Structures are given as structure tokens and as C-alpha cells.
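Worksheet: the structure to be examined is printed underneath.
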Amino acid sequence: MIETFFANGTLDTPAAFLTSLIIGILFGVALEQAGFGSSRRLSGIFYFRDMTVLKVMFTAVVVAMLGICYARAFGWVTMENLYSLHTFYGAQIVGGLIFGAGFVMAGWCPGTGAVGMASGKVDALVFLLGGAVGSILYNEVSPVLGWLTSADRGVVFAYDSLGVSRAVFVFSFTVIAVGCFWGAEYVERKGQGRGEHLGTPFLKAFSVILVVGAFGLLAVPEAPLVASSGSSAVLQEAGVLTGLEAGSDHMEPWELADRLLAGDRSMVLVDIRTPGEFAKFHIRSALNIAVTALPDLLAPHKNNGLIVLYSNGMTHPAQVRDSLFRLGFGNVCFLTDGLKGFLDACLKPVSLRAEPVSPVLAVKINAWRAFFLAPVLAGETTAAAAATVPDLGSLTLPGMVETQWLNMNMGTPGVKIVDLRPQAEYNAGHIPGSMSLNLESLRGLVNGLPSTLLPAVMLAEHFSMMGVRPTDLVVLVCTDKRQDGTLVGMACERLRHGNYALLRGGFSKWVAEKHALDTILPSIEPFQYPVPDRPETFTVTAKEVLAAMGRPGTVILDVRPGDYFTGKKQDEARGGHIPGAINRPFNEDVTKTDTYTEIKSVDALESAYGKLIPTKKTPLIVHCRTGHQASQTFFILVRLLGYTDVSWYDAGWTEWAARPEFPVAKP
């Protein structure tokens with residue numbers, strides 16, 4: 001199989017430059033021979049005097065199209081070895097209009113301008129200089145024109161948009177091109193007395209060759225693509241996604257850094273560079289996988305979570321992402337600007353940056369550097385650095401921590417234990433090294449709503465005083481009220497600290513198993529916890545709930561006890577429930593033993609919620625009275641069961657019942 005400079009990541013090598021130079025010279029010679037060294041002849045197409053541009057360009061497009069299709073059908077080349085431009089409708093439409101206007105006025109395009117300049121045409125030189133100035137000007141004003149590139153559709157192929165096969169599209173396009181050849185000759189003969197090829201044996205033979213070549217693709221099946229390493233055939237392309245949501249094809253460096261800091265375990269980070277480059281330095285938690293092995297090794301993650309690809313730059317990962325999409329992977333994106341961009345955006349010291357940064361960003365940068373460069377900055381070996389990080393492989397994170405695991409890992413750097421019991425009980429005896437936290441210190445009056453989770457900036461201060469770092473695993477210990485731990489989990493969610501878990505069975509199970517206790521207050525080293533710089537997406541307001549009531553497919557889940565849902569009991573301004581809501585009391589998700597209360601098994605929860613909610617992608621809104629009980633349901637749905645579109649209505653029935661303009665339903 002043909003390996004390209006692009007696929008090998010060697011576009012910046014002398015061999016690639018020399019090859020490009022030779023191809024460029026030959027391309028220029030071909031254009032010169034075709035008459036593209038004359039602006040008069042080029043502009044003739046707009047006045048139907050000279051159709052050379054149409055004939056040459058159609059010939060180039062059709063020949064290249066047929067060549068690539070046959071090479072691909074016979075397994076000589078794969079699409080990941082070729083670079084395909086992304087589709088930006090706004091930029092391409094506006095750019096096409098500007099390009100067309102410039103072509104009409106000057107008679108040159110950038111490529112033909114270079115040919116004309118090489119032929120000694122002064123107007124071509126002026127045009128190229130104007131193009132360079134225009135490019136510089138666009139680069140300076142592009143931030144203002146961000147809407148032009150805001151609708152990135154990814155790599156969109158015309159045959160997918162039209163709903164036809166590749167072979168049918170190629171055949172139809174070729175027939176149209178042949179018709180244009182004959183039409184161009186006819187126009188030239190009628191208008192200028194030229195059209196010397198009209199009806200000649202050459203044009204007939206040329207047309208037949210192109211049409212037969214295109215028709216042949218209808219009969220040639222695509223062979224399975226063979227990996228370049230000589231391994232067995234990889235999966236044949238299974239289809240192309242024709243529309244991507246804006247921005248879904250890439251991830252910004254700071255977003256990746258935040259998600260890794262937060263311990264996001266729904267994401268798989270893949271480094272597609274060579275093993276040597278990977279060994280020198282790679283982003284923490286990344287897997288090093290050869291491109292040809294990606295479909296097989298990533299199969300368990302296909303359309304499950306998010307796969308992020310990166311290399312030194314982003315051109316190669318972008319093309320690999322497109323190939324994986326065509327193999328049916330709908331959950332792949334690439335890192336914007338690659339490793340180089342990640343180093344510049346996230347890991348460059350504040351003191352070395354060209355522009356000053358805000359105090360908040362400075363804190364984030366220092367946190368990123370501490371997380372991603374800690375072994376390097378401390379001069380540790382990889383093994384030594386790994387020894388300071390707790391082995392989380394045996395955990396069912398995100399979710400629960402077993403008492404036996406915590407007994408073995410308490411005191412390990414990177415593990416923070418937070419005891420949520422009343423302070424008197426904590427003082428009488430607690431898990432060694434654990435910190436006491438009053439649950440209600442994380443809630444207060446926010447925008448007139450009582451018992452509401454505090455804003456991120458205030459929560460970050462709490463985490464800072466407890467010495468919690470973004471890299472820490474936070475283990476939450478509570479009594480038999482699981483919702484105490486999950487409400488603190490909502491604070492973690494607000495801070496994008498995904499690396500948290502509940503102690504299975506809580507403090508009661510710890511005592512029942514006779515694990516160690518002490519009464520010593522732990523020594524805490526404060527740390528300035530960074531405040532997220534992007535708004536959260538998991539909470540909703542009353543107005544958003546009201547809008548969701550009439551939205552088909554959205555499920556509103558009221559987790560209060562049944563008597564409160566029906567209105568038989570009430571402890572707020574009104575009794576009843578939100579119209580259209582369904583009831584699943586939060587206490588039905590726990591089970592009691594002789595010594596402790598615990599969340600039910602995943603299988604039992606899967607069965608129960610599967611009867612209420614159509615799919616794990618169904619939009620969900622969970623609420624209770626003050627958000628406390630609903631936090632447990634949110635934790636179960638998101639962290640244990642993997643539901644992907646769950647929102648938390650924190651103010652809950654307290655706000656809804658007190659707002660007379662909001663409707664209330666009763667059985």
C-alpha cells in the first residue's frame with residue numbers, strides 16, 4: 001500500500017520538500033502549456049470566448065477522481081493517507097465569491113498567477129502581492145469574522161449528501177464533465193470560430209475512455225484495506241457521517257487539560273506518534289497506538305464515551321479521525337493544534353508568555369503544570385512517579401470505593417477522605433487522615449433560593465482550605481444517608497472535579513468491619529483550587545424545566561417520596577408535582593443490611609430505570625425538594641449507569657411550589 005508523507009508525519013522533511021518542488025514545477029509547466037500563463041485567455045471563460053479553464057480543470061478533477069477511486073478500490077491507498085479539506089459553508093461561500101470577483105477583474109488565480117509571474121507577467125506579480133496582503137489582512141481580522149468558520153461540518157463528501165453511492169456519483173459527474181467538454185467546444189466554435197476538437201476522433205476517444213473508466217467503478221468492488229505493516233485486513237469502511245455538530249470534531253487544549261485534571265474516565269486519549277516520540281514525552285494517561293491498529297484496539301470504545309486523538313500537529317489526527325468516522329466511530333475527535341498547541345496553551349510557564357494572563361488563568365496553568373509535568377519537574381523516574389499515585393485500577397470509578405481498598409490506601413498521597421457526619425460524631429472517632437466537612441456549608445441562599453449549592457468560586461475556596469488538588473481522588477464518607485455524599489459530589493461536578501467516589505457502605509460498614517479509627521485532626525496544606533472558566537451544563541433553572549415540559553422525549557423525574565409527589569403530604573407552598581413528571585422515590589435505590597445502608601446493585605438499578613427511561617441518551621431532568629435527594633439519583637444515573645443527558649434542578653419543588661405562575665398537577 002502507498003504510504004504518503006502526510007500519513008507518515010514527514011511533511012516537514014527535505015524529501016517531502018523536494019518532492020513538492022518537483023511536482024509544483026511540473027504542475028506549472030502543464031498549466032503553461034495549457035495556456036494558463038495568459039490572463040487574457042484565462043478571463044475569456046467569463047465571456048465565453050475561451051473555455052480552456054473549464055476543459056483543463058474538468059480534466060484534472062475527473063482524472064484525479066478516477067485515479068484515487070481505483071487506487072482505493074484495489075487497496076493501494078487509504079483515505080487516512082490523504083488529506084481532505086473540511087467543509088465550512090460560510091467561509092467557502094464568501095471566499096468563493098471574493099475569489100470569483102478577483103478572477104474576473106485580474107484574470108489570475110493564485111496558481112495561475114505564479115505561472116504568469118514565472119512567464120514574466122507584471123500583472124501576475126501584482127496580483128500575487130495583493131493576494132499576500134489580503135491573506136495577512138484576513139489573518140488579522142479573522143477573530144472578528146469567527147462566524148465564517150464556526151460551522152465546521154467536518155469532511156463532507158458530495159455523494160453522501162446526495163444519498164448515492166460513490167461509484168454512481170463518480171459516473172454521473174464524469175458524464176456531466178464529458179458533456180461540458182463537448183459544450184465548451186461548441187461554444188468556442190459558434191462564438192470565436194474555434195472549437196477545433198469538436199467531433200474529432202480525439203474528443204470521441206477521450207470521452208469514451210473517461211466514461212468507460214467511470215462506469216468500471218460500478219463493477220469493481222472495494223477490496224478490504226490492508227494495513228501497511230502487513231497485518232491482516234482491517235475493517236472495510238462502513239459509511240460516512242455527513243453532518244457534525246459545530247466543533248464536535250476537535251477539542252481545545254484547555255478543555256482536555258481540565259477534563260484530565262477532573263479525572264474524566266469517559267474519555268480515551270490516544271497518541272498516534274511513533275513509540276520513540278511517545279517515550280520522550282506524552283500527555284498523561286495517553287495510550288500510544290499505531291494508526292493501522294486503531295480500529296481493532298479502539299473497538300471496545302466504539303461509540304462509548306469519547307476518543308481524543310493527538311500527534312505533534314493536528315493535520316494527521318484530523319484525517320485519522322475522519323477515517324474512523326467512516327468506519328462507524330461516531331465518538332472521535334482530535335486535539336486542536338496537537339501536542340505543540342497543548343504545550344503552548346497549557347504547560348508554558350506564566351513568566352514566559354508573550355501576553356499577561358489573569359490571576360485565575362495563572363492558577364489554572366500552575367495546576368496543569370503540576371499535574372502534567374510533576375515527574376519531570378521533580379526529577380523523578382517514571383516508576384518513582386507512578387509509585388506516588390494510588391492504583392485506581394481495581395475501583396469501579398467513577399462511583400464507589402470499597403472499604404478494603406480504602407483501608408490499604410488511606411494516607412497515600414493523592415487520596416483525600418472527607419467525613420460528612422456531624423462534627424461531634426467525627427470528633428469521637430473517624431477514619432485516620434479524614435477531614436470533617438459540614439454538608440450545609442456548601443449550600444446557602446443563592447438568587448433568593450434557599451438551600452442551593454453555592455457558586456463555583458465559593459466551592460473552590462472550600463476545596464482550597466481542605467487542601468484538595470485537581471488531581472486528588474476525593475473519597476466521601478457519610479452515614480446511612482447516601483444523598484449526603486452525592487450532594488458533595490454535585491459540588492465536585494460544579495468544579496469539574498470528576499475524580500470523586502463514595503465509600504461503599506459508609507462509616508457504618510467501616511466500623512462493622514473493625515477497621516482503624518482515631519481522633520487526631522489531620523494536618524492540611526492549603527492549595528488554591530482553580531475555578532472553572534466555563535459555565536456548567538448539568539444544572540437547569542425553573543424556566544428551563546417549564547420549557548422542557550412540552551418537549552417531546554424529555555423525561556422529568558421527581559424523586560421525592562410518593563405521598564409528596566401525589567400531594568397527599570406537603571411541606572412547601574403547594575402540594576403535587578410538575579405536570580408530566582414521573583415518580584421514582586430516591587429511597588427505592590438503596591437497600592439496608594443489619595449494619596448499614598447501601599445503593600443497590602447496578603443490575604437492579606439498570607432494570608428499574610430501564611422501565612422508566614427509553615434510552616441512556618434520553619434527556620432527563622431530576623429534582624426533589626431542595627436538590628439533596630435528587631443528587632443521589634443524578635449520581636446513580638450518570639456515574640453508575642452511564643446516562644449521558646441528565647440535568648439537575650437544584651431549587652426543585654421549593655422554588656416551583658412557591659411560584660404561582662408555574663403549573664402543579666395532582667392525580
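Counting Lys and Arg as +1 and Asp and Glu as -1 over every other residue whose Cβ lies under 11 Å from the Cβ of Gln570, the net charge comes to +3. Taking only the Cα atoms of the stretch 5-219, the ratio Rg/Rh comes out at 0.98, with Rh defined as the Kirkwood radius. Are there GluC sites (Glu not before Pro) in the stretch 465-559 that DSSP marks as loop and that have at most 15 other Cβ atoms within 10 Å, and which are they? Sites meeting the loop and neighbour criteria: Glu513, Glu536.
Averaging 1/r across all pairs of distinct Cα atoms in the stretch 443-491 and inverting the result yields a Kirkwood radius of 12.1 Å. Pairs with C-alpha atoms separated by more than 29 Å, drawn from the list Lys364/Lys600; Lys543/Lys666; Lys416/Lys592, are Lys364/Lys600.
Would you please classify the overall shape of the stretch 24-91 from the alpha carbon gyration tensor, given that a ≥ b ≥ c denote the square roots of the eigenvalues, rounded means a/c under 1.5, and beyond that prolate means a/b larger than b/c while oblate covers the rest? Mind dumping the intermediate values first?
Values: a/c = 2.40, a/b = 1.76, b/c = 1.36.
The shape class here is prolate.
Sorted largest first, the spans of the alpha carbon positions of the stretch 267-327 along the three principal axes are 30, 22, 16 Å. For Gly399, the residues whose amide H sits under 5 Å from its own are Leu502, ignoring neighbours fewer than 5 places away on the same chain, with H placed 1.01 Å from N. Its DSSP H runs of at least 4 residues, each contributing -39,500 (n - 2.57), put the calculated 222 nm mean residue ellipticity of the chain at -13000 deg cm²/dmol, to the nearest 500. Hydrodynamic estimate: the Kirkwood radius of the chain over Cα pairs, inserted into Stokes-Einstein at 25 °C and 0.890 mPa s, corresponds to D of 82 µm²/s. Computed from the C-beta positions of Phe278 and Leu54 and an R0 of 35 Å, the FRET efficiency is 0.10 to the nearest 0.05. Please determine, in degrees from 0 to 90 and to the nearest 10, the orientation of helix 201-219 with respect to the longest principal axis defined by the Cα atoms of the chain, where the helix direction is its Cα long axis. Here the helix axis deviates by roughly 20 degrees. Computed from the Cα positions only, the extents of the stretch 609-667 along the three principal axes stand at 35, 23, 17 Å, in decreasing order. Restricting the calculation to Cα atoms, the stretch 399-512 yields a radius of gyration followed by a Dmax of 13.7, 45 Å. Tell me which trypsin sites (Lys or Arg not before Pro) from the stretch 482-518 have a DSSP coil assignment and no more than 12 other beta carbons within 10 Å of their own. Filter output for the stretch 482-518: Lys514.
What is the helix-to-structure angle for 359-377, meaning the angle in degrees between its Cα long axis and the longest Cα principal axis of the chain, kept from 0 to 90 and rounded to the nearest 10? It is inclined by approximately 90 degrees. Axis of helix 166-192 versus longest Cα principal axis of the chain: the two differ by about 40°, to the nearest ten degrees. Sorting the Cα pairs of the stretch 544-667 by distance into bins of 5 Å, from 0 upward, gives 2, 11, 22, 25, 19, 12, 7, 2, 1, 0 percent per bin. Sorted ascending by nearby beta carbons within 10 Å, beginning with the fewest, Thr644, Thr537, Thr554 become Thr537, Thr644, Thr554. May I ask for the Kirkwood hydrodynamic radius of the stretch 69-114, worked out over all distinct Cα pairs and given in angstroms to one decimal? Evaluated over the stretch 69-114, this radius sits at 13.4 Å.
Coordinate-derived values only; no laboratory data. Keep in mind that this is a model prediction, so the values were computed, not measured. We place every Cβ from the backbone using ideal geometry, glycine too, and count neighbours over all the protein chains shown.
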